[in-house]
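Step one of this worksheet: look at the structure below.
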Amino acid sequence: AKNWFTERQKLQKQMESEPLFGDYKGKNVLIVQAEAFQQFVIGQSIGGEEITPNLNKLIGQSVYFPNFFHQTAQGRTSDADLLTSCSIHPLPTGSVFIRFAGNEFDCAPSILKGQGYDTTVHHAYDGSFWNRNNMYHNMDYDQFYNIKDYTIDEPIGWSLGDQSFFRQTIEQLKERKKSPFYALTITLSSHHPFKLPYSNQELKVGTLQGTIMGDYLQAAHYVDSAVGELVENLKDEGLWDNTVLLFYGDHDNSVYDWKLYEQLFGKPVSDIDKDRIVRKVPFFIHLPHDEHAGVVDKAVGQIDTTPTVMHLLGIPVDNRYLMGVSMLSEAPKPVVFRNGGFTDGQVYFVPNNDGIAAHGTCYALSADGPTTTDSASCAAGADTAKKDLSISDRVIENNLIAKLREEEQ
Ligand code: GP9
């Protein structure tokens, strides 16, 4: 594992001499991790209306990654949190938050705290869910705002509606009077089975009315409106131009009835598109004054989130144990999925899962669309995926970061 990380640290170092390194040093960082928020709703309309008008507008003002993939497994939202905050893979079974909350990890809150940031995490649900109380303590957050810290003045789904959640979160940040801040906000209103109160269902979903997809689109539309309000609120509070805002989806929506997708898109969905639809979640970085807005097609994943934040803030990875690479760097690295699949933007590999790394379907990606190709084209990438996942598992199961650090002394 030591050698693997030494090589990875060399790759991560490349960002230090690349554009944008340190350009946002000292800016606030506000992250929105959106529940089950998938990429296919972005830019999509139904009944002549955009599902996500506010996020669609934000694309034009942000660095937007349409080829961003979630890399979660059974730990769902907690896996997304681990991947994005601590830049390591989840385990194939269970949740690292529950099974290994006492381990040493190099996570964004402790890294940023070391740079003078006030670090908080906000989620309007029971603090013990996914063992967050313990894990967040270990991750070194200054404070975890949970259900006890929110007034349930907009009851939706499991707890509080995202509109009120964002409003109250901004109040909490204001009350802290600390800057710069690093705040992770975890939304909940678009949780399965996506049933919003009738009064919050604003879209006309036509023939999808009464289906789980219809309910999902309503929920995505509501979350989008909450994000739109959040942006306005940040502007009103004078925070918009000194805050880096990140928005991403945590995992898929567990809707696998492909007829519903075909109804929405008005066309058949191919096998590779099924895999990509399930794995793609949107990723936005809004930089102060709408700087560097544009679409970046590079294939990137949740594991790359913390290195990307460090790139913008000018914090070198040095000898920290992060597995990702900045999305803004030219350094090449495939996106590895927990099932052993991967994509590097050139090929996309869907494994058979018979235990042999290169067994599966290899697709060549081109502007004309994906085509199946010789499995040899995916063999090296499948080996890399297998290696990365096994390194990650060994690090977690043996608390290796603590041991490697001891050896360094
Ligand atoms: C609950 C929320 C949902 O606190 O994070 O988690 P999920 O069920 O999506 O993993």
* Asked: If you take the square roots of the eigenvalues of the alpha-carbon gyration tensor of the range 197-295 and sort them as a ≥ b ≥ c, do you get rounded (a/c under 1.5), prolate (a/b over b/c) or oblate?
  -> oblate
* To do: Run the numbers on the range 157-289 and let me know its relative contact order in percent, using alpha-carbon pairs under 8 Å that are six or more apart.
  => 25
* Check the straight Cα-Cα distances from Lys280 and name the lysines below 17 Å, setting aside those fewer than 8 residues away within the same chain. => Lys298
* Once all Cα-Cα distances of the chain are split into 10 Å bins that start at 0, what whole-number percent is in each one? -> 5, 23, 34, 27, 11, 1, 0
* Asked: Local charge sum around Lys387 (other residues, Cβ-Cβ under 13 Å, Lys/Arg +1, Asp/Glu -1)?
  -> 0
* Asked: Within the range 193-217, whose backbone N sits under 13 Å from a point 7 Å along Cα→Cβ of Ser254?
  -> 193-195
* To do: Considering only Val96, Val336, Val295, give the residue with the highest GNM mean-square fluctuation for the chain, with springs between Cα atoms whenever their separation is below 10 Å.
  => Val295
* To do: Under a 10 Å cutoff between Cα atoms, tell me which one of Pro307, Pro193, Pro268 has the largest fluctuation in the Gaussian network model of the chain.
  => Pro268
* Structure fact -> Surrounding charge for Pro180, neighbours by C-beta under 10 angstrom, Lys/Arg +1, Asp/Glu -1, total +2
* How high is the relative contact order of the range 57-192, given as a whole-number percent (alpha carbon pairs under 8 Å, six or more residues apart)? -> 21
* Cβ under 11 Å from Asp224's Cβ, Asp224 left aside: what net charge do those residues give with Lys, Arg +1 and Asp, Glu -1? -> -3
* Which shape class, rounded, prolate or oblate, goes with the range 275-409 when its Cα gyration tensor gives a ≥ b ≥ c as root eigenvalues, a/c under 1.5 marks rounded, and past that a/b bigger than b/c marks prolate? -> oblate
* Structure fact -> In deg cm²/dmol, rounded to the nearest 500, the helical mean residue ellipticity at 222 nm of the chain, built from -39500 (n - 2.57) for every DSSP H run of length 4 or more, is -10500 deg cm²/dmol
* **For the chain, built as a Gaussian network whose Cα springs stay under 10 Å, the top-fluctuating residue of Ser95, Ser45, Ser87** => Ser45
* Structure fact -> Set Lys25/Lys57; Lys113/Lys178; Lys27/Lys113; Lys195/Lys267, cut-off 18 Å on Cα-Cα distance; pairs above it are Lys25/Lys57; Lys195/Lys267
* Rounded to the nearest 20 debye, dipole of the chain from Cβ charges on Lys, Arg, Asp, Glu -> 540
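Bear in mind these aren't lab numbers, they're just calculated from the coordinates by the rules spelled out. What you see is a predicted model; the values in this text were computed from it and never measured. Neighbour counts are summed over all protein chains in view; Cβ atoms, including those assigned to glycine, are modelled from backbone coordinates with ideal geometry.
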